[in-house]
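The values are calculated or read from the model by the stated rules, or taken from the named source; none is laboratory data. Not measured: the values here are computed from a predicted model. As a convention, Cβ positions derive from the backbone with ideal geometry for all residues, glycine included, and neighbour counts pool all protein chains shown. Accessible surface is based on the protein model in full, side chains and every heavy atom, while ligands, DNA and RNA are left aside. Shrake-Rupley method; radii C 1.70, N 1.55, O 1.52, S 1.80 Å.
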Amino acid sequence: MAIVTTALLILFLGSSTAQLSINYYSKSCPKLFPTVKSAVKSAIAKEARMGASLLRLFFHDCFVNGCDGSVLLDDTSSFIGEKNAAPNANSARGFNVIDDIKSKVEKACPGVVSCADVLAITARDSVVILGGPSWNVKLGRRDARTASQAAANNSIPPPTSNLNQLISRFQALGLSTRDLVALAGSHTIGQARCTSFRARIYNETNIDKSFAKTRQSNCPRASGSGDNNLAPLDLQTPTAFENNYYKNLIKKKGLLHSDQQLFNGGSTDSIVRKYSNSRSNFNADFVAGMIKMGDISPLTGSNGEIRKNCRRVN
């Protein structure tokens with residue numbers, strides 16, 4: 001009896017991700033991939049930074065109660081959503097692009113593809129269009145009917161995180177320390193607000209002095225002044241997906257406190273060195289990490305719904 005129960009438990013635990021498949025929409029929405037890629041390409045052509053913003057949305061979705069499209073929901077009378085949580089307020093962006101992609105997908109195959117899956121495909125296409133690796137995206141997620149500002153505040157690691165906090169948060173989601181370092185490489189694209197790195201460039205010592213001075217020129221010391229001014233997370237190539245991020249960390253040019261924690265005399269230094277020396281090693285581990293992250297607690301079967309509009313429940 002105990003053996004049967006254990007077997008059933010293993011089957012149950014594995015069932016959520018077992019239902020995800022790279023061929024999930026091959027018959028129900030055969031034009032899905034070209035439809036999404038065309039729209040992502042267009043959005044990035046208009047604004048190169050958008051690729052990083054779309055990738056970040058997928059991270060911020062998956063880290064809060066799993067990859068369920070909850071980050072896309074607007075506030076309602078019954079819940080306060082995730083858009084105005086501390087990690088997202090004034091910084092999460094690209095929602096209009098997701099709306100545009102979803103409307104195009106709805107025209108191609110109405111009521112079939114979830115917003116959670118649109119996000120997953122969009123993240124992959126953004127990386128590829130900016131020069132990064134490709135992978136087969138597992139699909140079959142359904143959309144959450146609710147969202148939680150409190151969960152977003154508690155689940156997404158802030159830029160003030162130290163290495164132990166980062167490792168712990170990723171491990172809680174089934175992601176290894178190697179996954180952490182590889183996925184942090186998404187900071188090879190995109191920009192951050194002055195509020196996210198002000199304390200680092202003025203107060204920390206494990207930072208290249210000329211780099212700090214450069215960043216200080218556009219981020220005043222006084223809080224409230226220039227808070228929304230932007231700086232590239234990777235100074236050399238903020239719109240090209242490669243491994244410069246790790247080379248910057250070795251030179252003490254990580255923009256965020258949490259970035260530099262990955263190369264600061266700790267257990268992850270050797271992984272940073274490996275990725276700085278080998279773009280192919282980074283690409284391979286980044287892909288593995290993205291696939292694992294996409295497996296976090298998806299809604300499948302009869303759970304959730306397929307939203308017609310990503311901003312609101314049906």
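In segment 36-62, the residues that are open to solvent by 60 Å² or more (accessible area, probe 1.4 Å) reach residues that are hydrophobic (A, V, I, L, M, F, W, C) with C-beta atoms within less than 6 angstrom, at least six apart or across chains, in these pairs: Lys41/Ile129.
Hey, among Leu166, Leu180, which residue is in contact with a Phe, Trp or Tyr (Cβ under 7 Å, 6 or more places away or on another chain) and in a helix (DSSP H, G or I)?
On the way: Leu166 fails: in contact with a Phe, Trp or Tyr (Cβ under 7 Å, 6 or more places away or on another chain).
Only one candidate passes the filter, namely Leu180.
Would you check if there is a residue in segment 259-274 being over 17 Å from the mean Cα position of the chain (by Cα) and within 22 Å of Arg124 (Cα to Cα)? The answer is no, given that none of the residues of segment 259-274 is over 17 Å from the mean Cα position of the chain (by Cα) and within 22 Å of Arg124 (Cα to Cα).
For Val113, state whether it is closer than 19 Å to Lys31 by Cβ, open to solvent by less than 30 Å² (accessible area, probe 1.4 Å), in contact (Cβ under 8 Å) with a residue 12 or more places away in the chain and part of a loop (DSSP other than H, G, I, E, B). Please lay out each step first, then the result.
Working: closer than 19 Å to Lys31 by Cβ: yes; open to solvent by less than 30 Å² (accessible area, probe 1.4 Å): yes; in contact (Cβ under 8 Å) with a residue 12 or more places away in the chain: yes; part of a loop (DSSP other than H, G, I, E, B): yes.
For Val113, the condition - closer than 19 Å to Lys31 by Cβ, open to solvent by less than 30 Å² (accessible area, probe 1.4 Å), in contact (Cβ under 8 Å) with a residue 12 or more places away in the chain and part of a loop (DSSP other than H, G, I, E, B) - is met.
Between Arg198, Arg169, which is charged (D, E, K, R) and under 16 Å from the mean Cα position of the chain (by Cα)? Only one candidate passes the filter, namely Arg169. Only one of the numbered conditions (1) open to solvent by 10 Å² or more (accessible area, probe 1.4 Å); (2) more than 17 Å from the chain's Cα centre (by Cα) is not met by Val128, and that is (2).
Just need a number here: residues in segment 199-209 that are in contact with a Lys or Arg (Cβ under 9 Å, 6 or more places away or on another chain) and more than 18 Å from Phe263 (Cβ to Cβ). Summing the residues that are in contact with a Lys or Arg (Cβ under 9 Å, 6 or more places away or on another chain) and more than 18 Å from Phe263 (Cβ to Cβ) in segment 199-209 gives 1.
Name the residue that is nearest to Val127 (Cα to Cα), counting only residues in segment 219-258 that are of a type in the set (A, V, I, L, M) and open to solvent by 40 Å² or more (accessible area, probe 1.4 Å).
Residues of segment 219-258 of a type in the set (A, V, I, L, M): 222, 230-231, 233, 235, 240, 249-250, 255-256.
Applying the additional criterion that residues be open to solvent by 40 Å² or more (accessible area, probe 1.4 Å) yields 222, 230, 235, 250.
Numbers: Ala222: 35, Leu230: 21, Leu235: 18, Ile250: 23 Å.
Ranking the qualifying residues of segment 219-258, first place goes to Leu235.
Of everything in segment 259-295 that is among the polar types (S, T, N, Q) and part of a loop (DSSP other than H, G, I, E, B), the residue that is least open to solvent (accessible area, probe 1.4 Å) is Thr268.
From the list Ile189, Ile167, which residue is more than 20 Å from Thr237 (Cβ to Cβ), buried (at least 18 other Cβ atoms within 10 Å of the Cβ) and in contact with a helix residue (DSSP H, G or I) (Cβ under 6 Å, 6 or more places away or on another chain)?
Values: Ile189 fails: more than 20 Å from Thr237 (Cβ to Cβ).
One residue alone meets the criteria, Ile167.
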